Amino acid sequence: MQKKLKYLGELGIFEVSDYPYQKEKYTSFIYPSVCGDRIVKLFKVLLTNNCIFNCFYCANRKDRDCPRYSFDVYELAEIFYSMWQKKIVNGLFLSSGIDIDNNQTQDKMIDVIKILRKKYNYNDYIHLKILPGVDEYLIKKAKIYADRLSLNLESVNSLYLKRISKEKNFSKNLLNTLKKLSDLNKEKPLKNGITTQVIVGCSEENDREIISFSYYLYKNYDISRVYYSGFIPVLKTPFENKSPCSFKRQIRLYQADILIRKYKFLPSEIPFDKKGNLYLNKDPKSLWAEKNKEFFPLEINKAEFYQLLKIPGIGIKSAQKILKIRKEGKINSEDILKKIGVRIERVQPYILIDGKKIEKQKEKKENKVYYTIFDEVV
């Protein structure tokens, strides 16, 4: 059992539920994930790694020579519940390969979480993966027991999907199933919404195509989050010699994603290079500011919320604090901004305080990866 648990748990790395910076913290089948304002230790596992599909990049592809394991539904529920009782984990992320039939496999996955809810009275976090092309009644059934549901789209359209999976139909298997999931979620929203995942660096779509597609999903499918899973080559697959997606590219995609999802940027406003990719040497918000100098400087005492969010050095939390302070009185010094966490060396070129520019300060060199951790691009 331990061997099966370790193997099916380690395959969970290919199911992204958080920002890529978390990968270095993964240990076996327990994965830290940001859920709202807390870190959830997810028990992330596959029900089975048997699969009828032959996706070129996937560790579970049908023709790959590898060990094959499956859990019994009661066995998996008992394992998780035991770990939860011992406080080793405090949430479940359940995914699976498709063994024989998608509906049959999905039904077994639902049985696992039903057992947890009904038999063990478990009431903490459950994220369940919805399989491509499953019937609507199974999505309805899954919604009863899960806090979050997700469906992997893998790519952004049928052309690119065919480069990594000859058998899947993008419209029928994937987008249509996501539409069903979206419609049901709009009728009665899940506690933690619905999400999807795109494999980056596998089928050669550029960043403009990815971000534009994500924007479309946010506008039309009520998606809580699009995750960007950097391609990792797997031995004994057709793509084993393909280069992995860079960590920095994933970070830039998450930063651009926050701009379109929370900061009211349009995809057309995001700076891309001639090949349609994000610049790796600087975050997209800073580049936008540099390319739109006529927008600045902004008076910190008059700028509206979404204008404040255009300023490098100001994120959602600091913009909210600025508006709160302005209700009580005028901001008349940079010290007030420092107290609420605004990095003065970042905002200096872009703002006025009571009509006056701030004296130029030397910017500190820092690791900017953390800018994406709590849904902020500052």
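The values are calculated or read from the model by the stated rules, or taken from the named source; none is laboratory data. Just so we're clear, the structure is a prediction, and the values are computed from it rather than from any experiment. Every residue, glycine among them, receives a Cβ derived from its backbone with ideal geometry; neighbour counts consider all protein chains shown.
Could you please let me know if Ser95 is within 30 Å of Asn241 (Cα to Cα), in contact with an Asp or Glu (Cβ under 6 Å, 6 or more places away or on another chain) and in the same structural domain as Tyr221 (by TED's automatic domain parsing)? So Ser95 passes the test. Checked against (1) closer than 19 Å to Asn54 by Cβ; (2) crowded, with 21+ Cβ neighbours inside 10 Å; (3) in contact with a Leu (Cβ under 7 Å, 6 or more places away or on another chain), Ser165 meets all criteria but (3). When Tyr7 is tested against (1) outside any strand (DSSP E or B); (2) modelled with pLDDT under 95; (3) farther than 28 Å from Lys166 by Cα, only condition (3) is not met. For the stretch 42-68, the set of residues classified as assigned to a loop (DSSP other than H, G, I, E, B) and in contact with a strand residue (DSSP E or B) (Cβ under 7 Å, 6 or more places away or on another chain) consists of Leu47, Asn50, Tyr57, listed by residue number. Cβ-Cβ distances below 8 Å connect the following pairs, each with a first residue in the stretch 274-290 that is modelled with pLDDT of 95 or more, a second residue that is among the acidic types (Asp, Glu) and surrounded by 14 or more Cβ atoms within 10 Å (Cβ to Cβ), and a separation of six or more residues or different chains: Gly276/Asp207; Gly276/Glu209; Asn277/Asp207; Leu278/Asp207; Trp288/Glu269. Taking the criterion of being loosely packed, with under 11 Cβ neighbours inside 10 Å and within 13 Å of Asp354 (Cα to Cα), the only residue of the stretch 316-332 that qualifies is Gly329. When you scan the stretch 179-200, do you find a residue that is at pLDDT 95 or above, in the same structural domain as Asp63 (by TED's automatic domain parsing), touching a Cys at 6+ places or on another chain (Cβ under 8 Å) and outside any helix (DSSP H, G or I), even just one? Scanning the stretch 179-200, I find at least one residue that is at pLDDT 95 or above, in the same structural domain as Asp63 (by TED's automatic domain parsing), touching a Cys at 6+ places or on another chain (Cβ under 8 Å) and outside any helix (DSSP H, G or I), so the answer is yes. For the stretch 236-316, the helices (runs of 4 or more DSSP H) that sit wholly inside it and include 3 or more residues that are of a type outside the set (Phe, Trp, Tyr) and farther than 16 Å from Ile199 by Cα are 247-261, 284-291. Checking the stretch 205-222 against the condition returns no match, with no residue being in the same structural domain as Ile144 (by TED's automatic domain parsing), at pLDDT below 95 and touching a Phe, Trp or Tyr at 6+ places or on another chain (Cβ under 9 Å). Inside the stretch 169-208, residues that are among the charged types (D, E, K, R) and crowded, with 20+ Cβ neighbours inside 10 Å make up a count of 2.
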